[in-house]
Amino acid sequence: MSSVKFLVASLEAIAASKEAQRHKQLSESLHKTLQAVKEADPQLPDPEVVFAPLHQATKTGNTHLITSALDCIGKLISYSHFSVPPAAAAAAASEDGGGDKGTDGEQPPPLIERAIDTICGCFQGETTPVEIQLQIVKSLLAAVLNDKIVVHGAGLLKAVRQVYNVFLLSRSTANQQMAQGTLTQMVGTVFERVKTRLHMKEARLNLANTKNSSSNITFDPAEQANSINGSGEKIAGAEEEDSANDVASDGAAVPAPAPDAQATQAKLTLKDLETRKSFDDSTLGEGPTMVTQIKPATMERTESQSSAKEEDNYDELEAEDEVYIRDAYLVFRSFCNLSTKVLPTEQL
């Protein structure tokens, strides 16, 4: 089923329920979204328009509506439909009234963060219906595992912590096991991404070293002429050079080869995490929710264009590497903090 057909089926199912018909604002929002979907077909409409009725459905208190809305939100996240830039989200929110608005004219949080907040807000502790608990876990897993639109910062930590809360507080053994397995997948994915980024960085350094080595090779016509004219002298002195090499091989000191440029590159270690201010607990918060996207393949550029953008691209990739490493550190620190909390007696 395509994303458009799935969305239409989900919205129509919600709109047909008696509970949705009792809420005038929800009913009108659903009608508006369905109309926008039909007009935009075969593409999906504005994400803010789609998100508005789903957000409202989670506030009805009806288990069926909440479960359906969470399922739809999770699948739309999987389709990378909520990866709207903050500026576009702010403009859409001001026009449509969907989602939360910032105070004093500030931009609202990114749509993906509001989607995660909506999912997390449906969990009301151990009294939450098991169907909603299960859908919360599934939707948050979709948000974290999406590799096309990777969620970082506060949004990632909210998702991980809420799944941990389901694991801790749910009275359903099946949901606890599901949450436990989901946590394993989430944490494994976060750290695997760091490993992938480090491999990519190593590949970039190797490529840069290869290019530098190639560009340093020059040909001087004068030197070439001298080498041709002096070829006889080189041949005559070959025996002397061989004998000198024999002496050097017998124990004479031989100049060490120049260190490889890659070997001199600083590598991220535990010591770095202790000394770098960006990983200082006294200054490091959760960080804003942000997303990174897989960059589409671009057409081949000329040599001048490539060299002009090479440095900027390198800085961007370095900054992205920092974000991924920061995520892993924050997730690790979050679990360390959670493990030190003392549970009330009734939860043991």
Practice task
Would you please calculate the Kirkwood hydrodynamic radius of segment 101-199 over all C-alpha pairs and express it in Å, rounded to one decimal?
Solution key: 14.2 Å
Handout entry: Taking N as its residue count, the alpha carbon Rg of segment 160-203 over 2.2 N^0.38 Å
Key = 1.55
Fill in the blank from the handout: Simple spin-label estimate for residue 338/residue 6, 7 Å along Cα→Cβ, in nm, reads 2.6 nm
Exercise for the section: State the dimensionless ratio Rg/Rh of segment 1-46 (Rg: radius of gyration of Cα atoms; Rh: Kirkwood radius). Expected result: 1.00
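Hey, can you rank 64-73, 42-51 by average C-beta count inside 10 Å, highest first?
Details: 64-73: 22.1, 42-51: 19.1.
With the highest mean Cβ count within 10 Å placed first, the list reads 64-73, 42-51.
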Fill in the blank from the handout: Ordering 155-161, 143-149 by per-residue average of other C-beta atoms within 10 angstrom, highest first, gives 155-161, 143-149
Problem - Projected label distance in nm at residue 25 and residue 173, using a 7 Å step from Cα toward the beta-carbon - result: 4.3 nm
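Values in this text are rule-based calculations from the coordinates and carry no lab data. Keep in mind it's a predicted model, so treat the numbers as computed, not measured. As a convention, Cβ positions derive from the backbone with ideal geometry for all residues, glycine included, and neighbour counts pool all protein chains shown.
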